[in-house]
Amino acid sequence: MKSPQSELAIQSNFLGTLLTHPTFLLILRVLIGGILMDAGTLKIRTPEAFGSILSSYHLLSPTLVTLLEFQLPWMEVLLGFLLIAGFPRRAPALGIAFLSLLFATVHGQALARGGAIDCGCLGAAHPMSPATGLLLSSILLLSSTWLYLVENYFARNFTTASIRDCTWSFS
């Protein structure tokens with residue numbers, strides 16, 4: 001009969017193996033990158049509507065709103081593309097984590113003020129509440145941070161010498 005500790009060790013080992021498996025990481029990168037590219041593309045189509053959503057938060061000057069309504073969607077598309085492409089791996093994950101933290105903060109303050117405004121996550125065509133935006137931003141923050149940490153671990157622990165010493169077979 002197995003002890004509860006050995007069951008927990010087996011489960012945690014399985015979970016750790018799953019969460020660091022290259023296929024899981026690829027699926028996670030494609031999902032996060034696809035969400036960002038879709039969100040950015042929807043905002044690019046209607047920058048004025050996105051600008052009015054940004055203005056409704058009452059956090060930025062009109063000059064910054066005008067700048068962000070054109071720059072932020074392109075940054076989302078670029079980060080999403082780089083994350084899916086996989087080169088470089090850590091920089092896009094860190095950029096997405098930073099943007100997600102910023103978005104989560106903005107959505108949190110909108111919830112705290114009791115504002116019933118569109119979060120602007122997917123542009124004006126798909127309105128969402130700030131609570132839904134906070135949930136989406138939090139999920140993106142956690143998953144992009146996980147990607148960054150895993151990629152950072154692999155970058156530090158697997159040097160080019162250890163990769164070079166591996167035998168590759170294509171048969």
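The values are calculated or read from the model by the stated rules, or taken from the named source; none is laboratory data. Note that this is a predicted model, so its numbers are computed, not measured. Heads up, the Cβs are rebuilt from the backbone with ideal geometry, glycines too, and the neighbour counts pull from every protein chain shown.
If you filter the stretch 107-120 down to residues that are out of contact with any Lys or Arg (no Cβ under 9 Å at 6 or more places or on another chain) and assigned to a loop (DSSP other than H, G, I, E, B), you find that the one that is farthest from residue 80 (Cα to Cα) is 114. Selection of the stretch 40-58 for residues being surrounded by fewer than 15 Cβ atoms within 10 Å (Cβ to Cβ) and under 23 Å from the mean Cα position of the chain (by Cα) yields only 45.
Only a single item in (1) modelled with pLDDT under 90; (2) closer than 15 Å to residue 39 by Cα; (3) surrounded by fewer than 21 Cβ atoms within 10 Å (Cβ to Cβ) is not met by residue 120, and it is number (3). When the residues of the stretch 123-136 are narrowed to those that are part of a helix (DSSP H, G or I) and not polar (S, T, N, Q), which ends up surrounded by the fewest Cβ atoms within 10 Å (Cβ to Cβ)? Within the stretch 123-136, the match that is surrounded by the fewest Cβ atoms within 10 Å (Cβ to Cβ) is 131. Take the conditions under 16 Å from the mean Cα position of the chain (by Cα) and farther than 16 Å from residue 57 by Cα and apply them to residue 134. Does it pass? No; evaluated as a whole, the condition is false for this residue. If you go through the stretch 64-78 and keep only what is farther than 15 Å from residue 121 by Cα and under 14 Å from the mean Cα position of the chain (by Cα), you end up with just 78. When each of 141, 94, 102 is tested for being more than 25 Å from residue 24 (Cα to Cα), at pLDDT 80 or above and within 12 Å of the chain's Cα centre (by Cα), the lone residue that passes is 102.
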